[in-house]
Structures are given as structure tokens and as C-alpha cells.
Amino acid sequence: MDAAGTVTEGYQGLRESAAWMDLSARGKIRVLGEDRARLLHAMTTQDVQSLPPGHGAYAFFLNAQGRILGDVNVFCREDCFLLDTEPETRQKLFDHIDRYIIADDVTLEDATGEMATIAIEGPRAAAILERLGAPVPEADYATRAWSGMMVARVSSTGAGGFFVFLNPAKKGDLIAAIEAEGIAEATADEARTVRIEHGRPRYGEEITERYLVQETAQSHAVHFSKGCYLGQEIVERVRSRAQIHRVLRRIELDMSEVPAAGRKLKSADGQADAGEIASAAFSPARGKVAALAYVRTQFAEPGTELRLPAQAGLQAGLGDVGVLVI
């Protein structure tokens, strides 16, 4: 997908077949030591102690006020846990975990530079892996060893797919093998558009320290009966009282011009504040703008109609724009 909204090979691959992406800049933190499971269990929203080798989960790290410091894909291996996170949160989470290692037998290693990440995502990603001779993990966040590499069932775009973790020296060979199967590379902009279309939030854009866990609508990141962990008191208080005033939702806007993050939404009658756009992109598949927005709970039901008020210099001649909660 280019600036004019034309359907491009990488965008189409992510939506209809498969595309590959180099995600080697993502942070990789190795957690070793006898107390590694206990420490991560006490610091994340997931039941890490119950994860057997070859399995994994999506989790949040919270502060004591229940705000989200970052998200990780947690992969349990025989001798360690591997934490896969956004490039921007690598050092932040490394320092956060290190701060809580006191008398624990835990060692942290920043493995980002020694481990490349190639993603293959899209509806046919599993078939491509099989054609490459790779094992296909069955469960979400599960991993399988593959000729000195590790394959994980995880997707950055919400289109489904896999991350392959490998020695950077072998990255070129893997990319060549993928492209020999007729699979194109997806650009960062193409991947972002597909991610927003699928309603898959990214930490640093739609999810930040501004938000509480339940507001992000990512319930699969939380094990609600695991017991105590940092920030758990706030998560449980919100859950027991059902007290959130906004929630992340996919929306569609009847326009081609992409609105900036922070634009306010109104109720259909224009009288009430209804939400705020977190991210947006033009969707060639839909012929309109797809977006993620924090919507006030009374307006968050799928099918609810909202309005984007006109703004000086934008939406020339259109007036307010219709918005639909998906």
C-alpha cells in the first residue's frame, strides 16, 4: 500500500496469503537462573510458573499504580525464558526487572544483538513454513526448535503468523528461502495498516502508561486468578467494580484523509464526548479509514454510530464524518 492507497504486494500478502518482515530490532531479553519463573510470575500479569518449555504467553509489566510499562511475548525454554518486546521498551523493561532482583537467583541478558527475528505473517504463513521444512507450533505462543532456530506462533499484525528467531549470520539465507517461495516483504507502513485493520494494538502507540489493563481490551494478557503480582491490586479493583470509562475499539471512518491521533469523537447527535482516536490508516481493502480509538464505554458496543467533528483545514466540504464502532 503506497501513499495513494494503492494495494501493494506486501499489504496484499499480509491480508490474503503471506509476507515476511525483518523484526530484528525488537528487544530480546533472556532470563536465567533457578528463580526466573518465580520472579517473572510476581512481575507480570501472566501465570508464568505454569508455563512448560515450548509454551508461552502474552503479558504486561505493570507499575504499582497498575499502569502498563510494556508488553512482552514470554517464551518458556528448557534453560531460560525469552522475553520478546518492542524496540522502545527493551531497555525500560530490562532495567525494571533488574531493579527487583535482590536475593533471587536470576540473571538477565540482553540478547537483541545476537538474535535476529524474521516474521512470516498472513493466512498462508503456516503453509509457507511447511514448504520451508520448518515445524509449525500448534498453540498460540508455542515454540518449536528448527535447525538451530526457534519458531514461535505469534503475530505482530493480527493476521496470524510466526516469528523465527535465529543467528543474525543466517538471516540472509532464511530471507532468500522465503522469497524463493514467492513471498514478498511487507514494509512497516503496510504492516501497520493491516495491524490497525485487525485491531491489534502496539505498545508505544495505542497502549502506553496512560492506560489501565482493562481499558486496552487485551484480556488474553492477564491471568485473573494467578495470585499476587506487581499492580495486581489495581487490576482486581477495576475488575471487581467494573469501573472503566473507556475501552479500546476498532472503528471505521467514512473518509479517505487520515485523521491525527488525539482527534476527538462525538456521539451521533454531536452532543456528548464519545472518545479519542489513538491511531488511524487508510484501508485500501475497505476504501475508508480504519482506526483504533479509546471509546467511552456507553458508546463502545459494535454497531454504534459516532461522529468525527470537522476540523479547520481538514475534510474540506465534508462537515462531520460518520464513524462506526466495529
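Worth pointing out:
- Matching residues, the range 8-20, being outside any helix (DSSP H, G or I) and under 28 Å from GLY113 (Cβ atoms): ALA18, ALA19, TRP20
Let's see how each residue does on (1) under 22 Å from the mean Cα position of the chain (by Cα); (2) at pLDDT below 95; (3) assigned to a loop (DSSP other than H, G, I, E, B); (4) under 22 Å from GLN46 (Cβ atoms):
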position: ILE118; (1), (2), (3), (4): yes, no, no, no
position: ALA127; (1), (2), (3), (4): no, no, no, no
position: GLY133; (1), (2), (3), (4): no, no, yes, no
position: VAL136; (1), (2), (3), (4): yes, no, yes, no
position: ASP140; (1), (2), (3), (4): yes, no, yes, yes
position: MET150; (1), (2), (3), (4): yes, no, no, yes
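- Count of residues meeting criterion [in contact with a Pro (Cβ under 6 Å, 6 or more places away or on another chain) and among the small types (Gly, Ala, Ser)] in the range 113-170: 1
- Each residue in the range 112-152 was checked for being surrounded by fewer than 22 Cβ atoms within 10 Å (Cβ to Cβ) and either of a type in the set (D, E, K, R) or farther than 25 Å from GLY199 by Cα (or both), and 20 pass.
- Where helices (runs of 4 or more DSSP H) fall entirely within the range 160-257, those with at least 2 residues that are under 21 Å from the mean Cα position of the chain (by Cα) and under 23 Å from TYR141 (Cβ atoms) are at 188-197.
- Selection status of PRO53, free of Cβ contacts under 8 Å to residues at least 40 places away in the same chain and in contact with a Cys (Cβ under 9 Å, 6 or more places away or on another chain): yes
- Test for VAL213: is it closer than 26 Å to GLU86 by Cβ, surrounded by 18 or more Cβ atoms within 10 Å (Cβ to Cβ) and among the hydrophobic types (A, V, I, L, M, F, W, C): yes
Here's the yes/no breakdown for (1) among the hydrophobic types (A, V, I, L, M, F, W, C); (2) not in a loop (DSSP other than H, G, I, E, B):
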{"site": "PRO259", "(1), (2)": "no, no"}
{"site": "ASP269", "(1), (2)": "no, no"}
{"site": "GLU276", "(1), (2)": "no, yes"}
{"site": "PHE282", "(1), (2)": "yes, yes"}
{"site": "GLY319", "(1), (2)": "no, no"}
{"site": "GLY322", "(1), (2)": "no, yes"}
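- Meets criteria (touching a residue at least 40 places away in the same chain (Cβ under 8 Å), more than 23 Å from VAL213 (Cβ to Cβ) and surrounded by fewer than 19 Cβ atoms within 10 Å (Cβ to Cβ)) for GLU109: yes
The values are calculated or read from the model by the stated rules, or taken from the named source; none is laboratory data. Keep in mind the model is a prediction, meaning the values are calculated, not measured. A quick note on method: Cβ atoms are made from the backbone with ideal geometry, for glycine too, and the neighbour counts reach across all protein chains shown.
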